[in-house]
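Everything on this sheet refers to the single structure shown next.
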Amino acid sequence: MKNYFFTLLFVSSLLLVRAAEVNIGFGASFGNAYSPASVTVNVGDSILWEGDFSSHPLASLTIPAGAASFSQSSGGSFWYVVTTPGTYNYKCTVHAGMTGSFVANAVSTNISNINNYSDFKIFPTTVQNNVYVDLGNTDNATIVITNLLGDKVLSVEVTDKATIDVSSYNSGLYFVNVYEADKVKATRRFYKN
């Protein structure tokens, strides 16, 4: 019984720290509005817009420095991974006044200099097979992947971009750390399904 309780508690804690996905609806029953019109997320979370983009084309208005702009003019869903803290504003390019926003908070950690590599990205944040690493403006670095307990799962030299096969990893939260001179300079997280 004690082991069952510990396992249940551990799994529950994993679900709490998992990167979140926020759904934003528009059109149809929402009319010319985004619902919700404003949300707060964390870096590593994702935004999923759902509606008719041919009637309500989406475009970013303002984004934080280093973040990727976004737009969508067809289909019924669009997914955006938040990689940079700050305020993001977006709009429907057809309907004046149809605007929305989200604020992305930096994920707090005890790792120093976490924002030195603000252009370091991983995608997706919830993964089954491969995680894609983009070092941004950094030419090469040592990448170390650790599990939730801090155990090293992989250490590899990466030049610019890399695809890492995580299909054999156990389900759970993992951290992708960039090392420079034996110190962690940046970290991102992903959840393995």
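The values are calculated or read from the model by the stated rules, or taken from the named source; none is laboratory data. Treat the numbers as computed from the prediction; the structure is a model and nothing was measured. A quick note on method: Cβ atoms are made from the backbone with ideal geometry, for glycine too, and the neighbour counts reach across all protein chains shown.
Per-structure values
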quantity: LEU61 exposed (fewer than 15 other Cβ atoms within 10 Å of the Cβ), more than 15 Å from the chain's Cα centre (by Cα) and either modelled with pLDDT of 95 or more or among the acidic types (Asp, Glu) (or both); calculated: yes
quantity: Complete set of residues in the range 123-146 that are closer than 15 Å to VAL184 by Cα and either in a strand (DSSP E or B) or at pLDDT 85 or above (or both); calculated: ASN140, ALA141, THR142, ILE143, VAL144, ILE145, THR146
quantity: Meets criteria (among the small types (Gly, Ala, Ser) and either assigned by TED's automatic domain parsing to the domain that holds PRO85 or without any contact (Cβ under 8 Å) to a residue 12 or more places away in the chain (or both)) for SER168; calculated: yes
quantity: Residues within the range 32-85 that are without any contact (Cβ under 8 Å) to a residue 12 or more places away in the chain and not in a strand (DSSP E or B), tallied; calculated: 1
quantity: Residues within the range 91-102 that are without any contact (Cβ under 8 Å) to a residue 40 or more places away in the chain and not β-branched (Val, Ile, Thr), tallied; calculated: 2
quantity: Answer residue from the range 41-51, given it is small (Gly, Ala, Ser) and under 19 Å from the mean Cα position of the chain (by Cα) and is modelled with the lowest pLDDT among those; calculated: GLY44
quantity: Residue, nearest to THR87 (Cα to Cα), within the range 1-40, restricted to residues that are modelled with pLDDT of 90 or more and of a type in the set (Phe, Trp, Tyr); calculated: TYR34
quantity: Residue list for the range 152-166, filter: in a loop (DSSP other than H, G, I, E, B), in contact with a Ser or Thr (Cβ under 9 Å, 6 or more places away or on another chain) and not acidic (Asp, Glu); calculated: none
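Here is a yes/no grid of residues against (1) surrounded by 13 or more Cβ atoms within 10 Å (Cβ to Cβ); (2) in contact with a Gly (Cβ under 7 Å, 6 or more places away or on another chain); (3) under 22 Å from ASP119 (Cβ atoms):
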position: LEU135; (1), (2), (3): yes, no, yes
position: ALA141; (1), (2), (3): yes, no, yes
position: VAL153; (1), (2), (3): yes, no, no
position: THR163; (1), (2), (3): no, no, yes
